[in-house]
Amino acid sequence: METETGNETPSNVWHYGLMAEKWANFYPDTPELPYFQKQIERLGDPVLDLGCGTGRLLVPLLKSGVDIDGCDVSADMIHHCRQKAASAGYEPNLYVQPMDELDLPRRYRLIYICGSFGLAGGRDKDQETLFRCYEHLNDGGALILNIDAEYTFPGVWPLWLKENRASFPESWPEEPEIQQSADGSEYRTWFRRLDFNPLEQTFTSQVRIEKWQDGRLIAEEELTLTGYMYFKAELLLRLQVAGFEDVTIFGDYTDEAATADHRELIFVARK
């Protein structure tokens, strides 16, 4: 099942067209999977993968017998997710909706947002996302989401200093990242930063993608991504505003309490 709620493409994310193809072809790793399997064993299903993309986590969970639905803002990502699920013999409920407009017919024991919180297009939309997740949970259910600990990334943390932002927007790199898919298509990708605003805690990046077949350029796109950065205290407060009272914070998809040394903070918020 695939349900759409509009055909407009948000300008703040780049998960469309050739970028969606890249996700479907080249990003199969699932290091977070054991963590979510453990949480599902503890909390039960049904489960909602919010921001499911091409099914990187959803399809393996389907294969393990989990009752799981998927939702993503990108119809292109959902298209690839549906194809991957079908090739494994499954027809999950898949929805095309912005997460801040989440309106689904089911309620869930677990909703998770893996790697995509902060991409809804604004802090007001991120807050609305938390409200919507709370509404879509059964009593006793949980929302799990992660944020990057920005201060642990050596290439990013210096950008909070004025002198290191003087070069924005960056020039395109001279050499692309080159990846070849199973059908022989070649994807050439360039990334650059357009803006980094520590006052507003936002970043804007751009990608240029070319697709080549048999030595011929057959498609090219430029797409933009804007994200909103969060720290522990703000996100904890926003979860509490949304109605969550029992929130625990772990580090790097483990059972360890979060510390300043963890690169990702995992919030488990119970309804």
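Within region 18-76, how many residues are of a type in the set (Asp, Glu), farther than 30 Å from ILE218 by Cα and not in a loop (DSSP other than H, G, I, E, B)? Total meeting the criteria: 3. With respect to the conditions (1) at positive phi; (2) surrounded by fewer than 23 Cβ atoms within 10 Å (Cβ to Cβ), GLY53 falls short on a single one, namely (2). The set of residues in region 81-97 that are in contact with a strand residue (DSSP E or B) (Cβ under 9 Å, 6 or more places away or on another chain), surrounded by fewer than 21 Cβ atoms within 10 Å (Cβ to Cβ) and within 22 Å of HIS136 (Cα to Cα) comprises ASN93, VAL96, GLN97. For region 83-98, the set of residues classified as free of Cβ contacts under 8 Å to residues at least 60 places away in the same chain and part of a helix (DSSP H, G or I) consists of GLN83, ALA85, ALA86, SER87, listed by residue number. In summary, ARG263 fulfils each of the numbered conditions (1) basic (Lys, Arg); (2) touching a Leu at 6+ places or on another chain (Cβ under 9 Å); (3) in contact (Cβ under 8 Å) with a residue 60 or more places away in the chain with the single exception of condition (2).
Examine region 114-135 for a residue that is charged (D, E, K, R), out of contact with any Pro (no Cβ under 8 Å at 6 or more places or on another chain) and in a loop (DSSP other than H, G, I, E, B), and state whether such a residue exists. Among the residues of region 114-135, not one is charged (D, E, K, R), out of contact with any Pro (no Cβ under 8 Å at 6 or more places or on another chain) and in a loop (DSSP other than H, G, I, E, B), which makes the answer no. Can ALA260 be described as in a loop (DSSP other than H, G, I, E, B) and either assigned by TED's automatic domain parsing to the domain that holds TYR35 or over 25 Å from TYR134 (Cα atoms) (or both)? Considered against the rule, which asks whether it is in a loop (DSSP other than H, G, I, E, B) and either assigned by TED's automatic domain parsing to the domain that holds TYR35 or over 25 Å from TYR134 (Cα atoms) (or both), ALA260 comes out as yes.
What number of residues in region 206-235 are assigned to a helix (DSSP H, G or I) and surrounded by 17 or more Cβ atoms within 10 Å (Cβ to Cβ)? Here the count works out to 1. The set of residues in region 29-66 being polar (S, T, N, Q) and within 20 Å of SER116 (Cβ to Cβ) consists of THR30, GLN37, GLN39, THR54.
Quick check on this structure: which one of GLY122, GLY118 is surrounded by 13 or more Cβ atoms within 10 Å (Cβ to Cβ) and either in contact with a helix residue (DSSP H, G or I) (Cβ under 8 Å, 6 or more places away or on another chain) or not assigned by TED's automatic domain parsing to the domain that holds VAL66 (or both)? After ruling out the rest, the residue left standing is GLY118. Residues of region 206-233 that are within 19 Å of the chain's Cα centre (by Cα) and either small (Gly, Ala, Ser) or under 27 Å from TYR35 (Cα atoms) (or both): GLY227, TYR228, MET229, TYR230, PHE231, LYS232.
The values are calculated or read from the model by the stated rules, or taken from the named source; none is laboratory data. Everything quoted here is computed from the prediction, not taken from an experiment. Ideal geometry is used to build each Cβ from the backbone, glycine not excepted, and the neighbour counts take in all protein chains shown.
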